[in-house]
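One structure below.
Taken together, the values in this text are just the output of simple stated rules run on the coordinates, not laboratory data. All values derive from a computational prediction rather than experimental measurement. Here the Cβ positions follow ideal geometry from the backbone for every residue, glycine too, while neighbour counts run over all protein chains shown.
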Amino acid sequence: MQLRNSHLTRLGQTVFDALVVGGGINGAVSAAALSGKGVRTALIDRGDFAGFTSMQSSNLAWGGIKYMEGLEFALVRKLCMSRNRLIRSYPSTVQEIRFLTTVARGFRFHPTTLWLGAWVYWLIGGGFTRAPRRLQRRALQREEPIIDVRQALGGFEYSDAYLHDNDARFVFGFVRSALDRGCIAANYVESLGGRRVDGLWTIRARNRIDGTEFTIRARTLVNAAGPFVDEHNALTGQVTRHRHAFSKGVHLLVPRLTPNRRVLAFFADDGRLFFAIPMGARTCIGTTDTPTDSPHVEVTDEDVDFILGNINRRLRLDAPLRPTDIIATRCGVRPLAVKASEDVARGADFMQLSRKHVIESDAASNHCSIFGGKLTDCINVGDEVCAAVEAMGIRIPHPDHRWYGEPDDSVRREFLHRSKLMDLDGLTSPDSSEPLTSRLWRRYGGEAFGMLEAIREDPRQGEILIRGTEYIRCELQHAARREMITTLEDFLRRRSKIALVVEARALRESAGLMDACEILFGSGARDAFEAYFASGGN
C-alpha cells in the first residue's frame, strides 16, 4: 500500500501533460507509451488495473481469422502484424500456438474451403507462423483422440498466439513499465468527471478505499475507460462520433481435457468459432457472443448449458462435463466501436460488427477517446494515442523511443546464467513442467534479478508459499512492494492466475494463503482474507 499512497499524494500535487482514465489494456498501453516517450503522465482506474474487461479474455493474441468471413482483410492484416510484433517483442509471454480445427458434416463451408482460407490467413500474416496443415478424419483422431470425429468431415491446423500467463498479468506489465518511466498511477481511484479551465483539465477524483476526494490537473485527457468510455464522456461533456455496443463473452475453466499444448477449435451449433484453450493444469472453454445493453454481465445457466453442451457434443470424454466440474468462470463484455447514430441490429448482423478500434480526438478540448480495442492490437493503440496527444500540442520529448518489449536478450541470458550457477530450479518442485527461472523471467523481466538475490540470501524465498500454485515467497514480497496490491483479489485473480486454476474451497484451505496475506497486507491480513471469501472468491 505504500507505493499507492505515495502516488495518491502526487496525483493531487502535479500538473500532468496527460491523464489517462482507465487501467485496462487501452489505458495501460497509453500510459506506457506516453511515459516511455517522456510525457508527464498519470493513470487512474476506479477498480484494479485490468479489473474489468481486460481480465475476461480468452488469453489469445490472434489475427482474427474469423473476420475474414466479413471480408475485413485490412483489419486481419493489421491484427496479424500486431500479433507478430507481440511475439517478437514478448517471446517469453506471447507465444505461437497451434489451433486444431474440426469441421463437422453439414457446416456451411467445406473443409477444403476453410483450409484454403487458412492459407490466405497465413499469407496475410506474412508467413510469420508455421504453415497451415490439412487433416483428414483419421489424422484428427490420431493426433487428438479426445475429439469425437464421428460427425467430422476433417479439419485443418493453423497458428496464432496466446498469453502464457493470464491477460491481466500481461496488462499489468504495461502499467509497471509506465511506473518505471515516471508515470504516477493509482488503482481504486474514480474519476467523477470535470471540465477544462484555462487550458487544463480539472478532474474530480475519489479514493474508493477511504472515500476522500481530490483534484487532478492535466493538459490532455485520455478516456481509456473501456466499456465505460461513453459514461465518462458524459461526465466531461464530450460529444463523440462513436459509441460502444456490447457483446458478452463467457469462458469456463475446467480440469485439463488434453495434455497436448494446442487449442482445439470447433464451430459451435450457431456457427461461431468455439475453443478449448490450455491454461496450465486447466482448460478454458468458450466463448459466447451475446448482444447486451450493459457492461455489467454475469454467467447464466443458459451460458453454461451452451458451452458445456457444445463441448460435450464434440469431445469423447470419460464422462460429460457438468456444472460441478467448473473451477472458475470468466465473464465480460467486448466493447465494439460503432457510429453514434448507428442503430445496432441484433442476431446475425450483430456478429458481423467490426472489431476495429477507433481513437477519436477533439483538438479544441485536448480530449481523446478510445473505442473498442483488444489485446492483440495493443501496441498500435499505444502508438496512436501518442500521435493523437502530440497532435493536440503536447511535446513528445523522445518520439523514437521503443516503449514496449522484454529486456534485451543479453539481459535474459545473464539472468538464466546466474540462475544456473545457483541451481535455482532445484529449490522447488511446482506442479509445472516449466523451469522456475523461465517463469520468473517471463513475469518480471529485469526485476527478477532482485529475486535471485533474495533467494541467495535466504533459500526459503524460493519455496512455494501457497500449496497447489506456482508462486514462491519472494514473488509475494515483490508484489507487496511493487505491484500496488490493494485487495486479495488483486493478487489471486490479476497479478497471478491462482483464482482461475484453484477452486475457492481448496484455496481457502490451502497452507500458506494466510502467510501470503500477511506479506501482502501486514496487520490487515485477516480482514483481506475474510473479505475475499465473503465476496465469493473466484
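Quick look at the numbers
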read-out	value
Antiparallel DSSP beta bridges within the chain, as percent of all bridges there, nearest 5	75 percent
Restraint check, 37/497; 248/356; 37/339, Cα-Cα greater than 22 Å	37/497; 37/339
Semi-axis lengths (Å, descending) of the ellipsoid that matches the C-alpha gyration tensor of region 409-534	26, 15, 13
Charge dipole (debye, nearest 20) of the chain; +1 at Cβ of Lys and Arg, -1 at Cβ of Asp and Glu	1180 debye
log₁₀ of I(q)/I(0) at q = 0.10, 0.11, 0.16, 0.24 Å⁻¹ - region 288-394, Debye sum with one point per alpha carbon	-0.48, -0.56, -0.91, -1.30
Stretch in the chain that is longest and holds no GluC sites (Glu not before Pro) that DSSP places in a loop and that have at most 15 other beta carbons within 10 Å	1-297
Alpha-carbon Rg with Dmax, taken over region 19-157, Å	19.2, 60
Computed helical MRE - 222 nm, the chain, DSSP H runs ≥ 4 contributing -39500 (n - 2.57), nearest 500	-10000 deg cm²/dmol
